[in-house]
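Laboratory data are not the source of any read-out in this text; all were calculated from the coordinates shown. These numbers were taken from a predicted model, which means no experiment stands behind them. With ideal geometry, Cβ positions are generated from the backbone for all residues, glycine too; neighbour counts draw on all protein chains shown.
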């Protein structure tokens, strides 16, 4: 991003790495090599780590681990995994951590490994799983250095989840363990900046009474919000604050004059312009999105709820429409929907009020500070489906997609992403989506046609019939499939017919409409796919207490048709995410839980979705939990949403 990094952003970006440094460089290490075991290679590896050459450090630690026996081997593997996390190579960190022999670890070393895996969980966008791991640790048994690590990881997990108050609580506990002045200042800045992202209403309603330390932070965040230019009034409020919260650790003057200015979208604007087409081919999709926005509006309506004015993007130039909205008092725009309109508006030289576009375009230049893009990008589904396969240990893939521009787009992105992870695509085929017999591309994919040719050649040479049973290729770990519900129900049985019943299949959401239909979906058994949450309970997880699930919210519209519910969720989330944009912009690990998934913002101001993972068993889509979010070090940027792919209810 082009904007200056605030103390909060700087702290959040390195907080987890700081925690690792505490666990690896202080005297609280539960086990470390003796002086006799410290070789020149060990010194070199630690030197690389200190210099910030994390990849080199990781490789040196791996070499040392190969030469060592337990517990020294486990020590070096842990250090290598930590170095990989520093470098951002989460995949290598997972593989290294998985190679640690836990049977040889002491209780304290087991705790260290839990902290390590918690760090990995956070980096993968699974803060809830990180907290579940951390709950297994008895903090009273940890040395002070590891207690610092423990509270830092918990604070980071809550921050990623958007629970800024619980994050502040953890940092207040952390403060009592810090003795370094810089670390203390960074921790205090994180508490203050995090709470500053809450609305004044939330700060006032949830503030514990004086002289509670957290209450003091919340009161100060409310006082110093940039809502007034009356410095005399601010001075009086600060004087009252000092009397209510004596001996509070906050450095008020430093925070007051160095406070990061929040972007315009830190709170819900008073007036919103909604740019949607009211006629043409996109009007039906626009209506589903509009219903989602209206539902979110009424579920969150307060006395200060914004006014929403609808503008028809089919009747005016988009830039002129934007100017008109500003003249009418709009403080933020949701839309437009068509990719062409999104591109035109993004090319404006000046955007005085924020825009949350409902589609994406390829943006080579740096993102405009006030221009955000949010869509049901299928690339997110492709990546998380592939990441699920990778974490299952699969490395060689087959690809089967429809013979269409959209099918080629998904196949191409899968190949780029899979190869960036380190996997191999053995074969890719497309199929005619409007037909019912897919035997030809399936046989080519499985190399059965080559097997048939070998049989014919041998029979011709021997001049007699021979026993023949075609065999599919055995070098593929899994199949990546893109198909509609209709085609997936046809393709899966044909795969079984050609002896590929045990070949794992990973897919996108296009084969599911959110409705359980065991009799018709029985042929989808064994397929793993990514999709929006749908509000279904996760096996072994906590019961869902939220009432704003997609199913319950859509009931107000007499159960929106299945093919429109994802668009409804897009509109619902587009409205609710507005006051969260400031927090999401702080760091790419921050998330907002919506109906369309867990949302996070990249450096191009694009909102991405972390989805749920499902598995068909007995014709029912069973939720498996949050889909993994792995980012390779290098990957081809995703293509833009096509005009025909926006409804995501068909991929022909």
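Annotations for the structure displayed:
- Cβ crowding within 10 Å, taken as a proxy for footprinting-reagent exposure, orders 192, 371 from fewest neighbours to most as 371, 192.
- Förster-model FRET efficiency, 22 Å R0, residue 408 and residue 340, C-beta, rounded to 0.05: 0.55
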